[in-house]
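> Sharing a structure with you now.
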Amino acid sequence: MTIASDDELEGLRRIGRIVANTLEAMGKAVEPGMTTRDLDQVGRRFMEAAGARPAPELVYAFPGATCISVNEEIAHGIPGARAIRPGDLVNIDVSAEKDGFFADTAGSFAVPPVTRAVERLCRDGRRAMWTGLREVGAGRPLAAIGRAVGTFARRNGYTLVRNLASHGVGLSLHEEPTEIATWPDASERRIMAEGLVFTVEPFLSLGAVLAEDGDDPWTLYSRPRAPTVQYEHTVVASRNGPLVVTMPG
């Protein structure tokens, strides 16, 4: 989507706040003993109360309102009977639709007690995302995002999962531009148009370089197995830089 009016921007901001507030509520609800299905219900109730529809169900018939991935699962985890335990690393990915507009956000939550390495990974996962977001702006190269995140990861001793990319969003959950690398990609030549809406969502890891399929049609696992975090915002490329719409409020 490319924003063409103030009304479109306000519609995007509205759904952006909803998904951001949903993610915040789910993160606060995470506790040992609850199942990922329990946690998903927190998100479903929050979105529905705000008049929004969970995008994974709406668009892909995904078996849940949100994607919840634990430990070795790094993306598209199906909410179910798995109980959250102390020491788990829980990724929550929230996307929804309201009034024809879509927004997408995600975060990873460490359940105490966790190692210092995992604490640092979570902190630096957020830093990696913001490192990429700071490269967003009208007229700038999309490749600058991956270059900046790649430099951050290398300098701080991390790897990046290189087959889970950022994507356009706004009028649908996934749209052009597709496959926006959050790692260095010498083949990327596209330029951000003013008003372009997309996600920035690096997967920072303590060793994984790829995501691989598991036993079900949805859940993706780290390869090699290693703690991995994802932080994601929906952003608009403006003349003044990044306009992040998935902020709670």
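The values are calculated or read from the model by the stated rules, or taken from the named source; none is laboratory data. This structure is a prediction, so every number in the text was calculated from the model and none was measured. All Cβ positions, even for glycine, are placed from backbone atoms using ideal geometry, and neighbour counts span all protein chains on display.
Results for (1) buried (at least 23 other Cβ atoms within 10 Å of the Cβ); (2) farther than 24 Å from S172 by Cβ; (3) within 16 Å of the chain's Cα centre (by Cα), shown as yes or no for each residue.
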| residue | (1), (2), (3) |
| --- | --- |
| A4 | no, no, no |
| I15 | yes, no, yes |
| T22 | yes, no, yes |
| T35 | no, yes, no |
| R44 | no, no, no |
| M47 | yes, no, no |
| V59 | no, no, no |
| P63 | no, no, no |
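> Shifting gears a bit: Go through G80, G11, G87, G64 for me and flag whichever is farther than 23 Å from Y231 by Cβ, at pLDDT 95 or above, in a loop (DSSP other than H, G, I, E, B) and not aliphatic (A, V, I, L, M).
G80
> In a helix (DSSP H, G or I), buried (at least 21 other Cβ atoms within 10 Å of the Cβ) and either modelled with pLDDT under 95 or in contact with a helix residue (DSSP H, G or I) (Cβ under 7 Å, 6 or more places away or on another chain) (or both) - does that describe any residue in the range 103-122?
No, there is no match, as no residue in the range 103-122 is in a helix (DSSP H, G or I), buried (at least 21 other Cβ atoms within 10 Å of the Cβ) and either modelled with pLDDT under 95 or in contact with a helix residue (DSSP H, G or I) (Cβ under 7 Å, 6 or more places away or on another chain) (or both).
> Let me ask something additional. Does L142 fit the bill of being of a type outside the set (D, E, K, R), farther than 24 Å from G170 by Cα and either within 16 Å of the chain's Cα centre (by Cα) or buried (at least 21 other Cβ atoms within 10 Å of the Cβ) (or both)?
Judged against the criteria, L142 is not a match.
> Which pairs have Cβ atoms under 9 Å, sit 6 or more apart or on different chains, and link a residue in the range 25-36 that is over 10 Å from I92 (Cα atoms) to one that is part of a helix (DSSP H, G or I) and small (G, A, S)?
Within 9 Å, the pairs are A25/G43; A29/G43.
> If you check G132, G150, G207, G168, which single one turns out to be out of contact with any Asp or Glu (no Cβ under 8 Å at 6 or more places or on another chain) and closer than 16 Å to V244 by Cα?
Checking each option against the conditions leaves just G132.
> Among the residues of the range 210-248, how many are over 18 Å from the mean Cα position of the chain (by Cα), assigned to a loop (DSSP other than H, G, I, E, B) and more than 20 Å from V200 (Cα to Cα)?
Summing the residues that are over 18 Å from the mean Cα position of the chain (by Cα), assigned to a loop (DSSP other than H, G, I, E, B) and more than 20 Å from V200 (Cα to Cα) in the range 210-248 gives 7.
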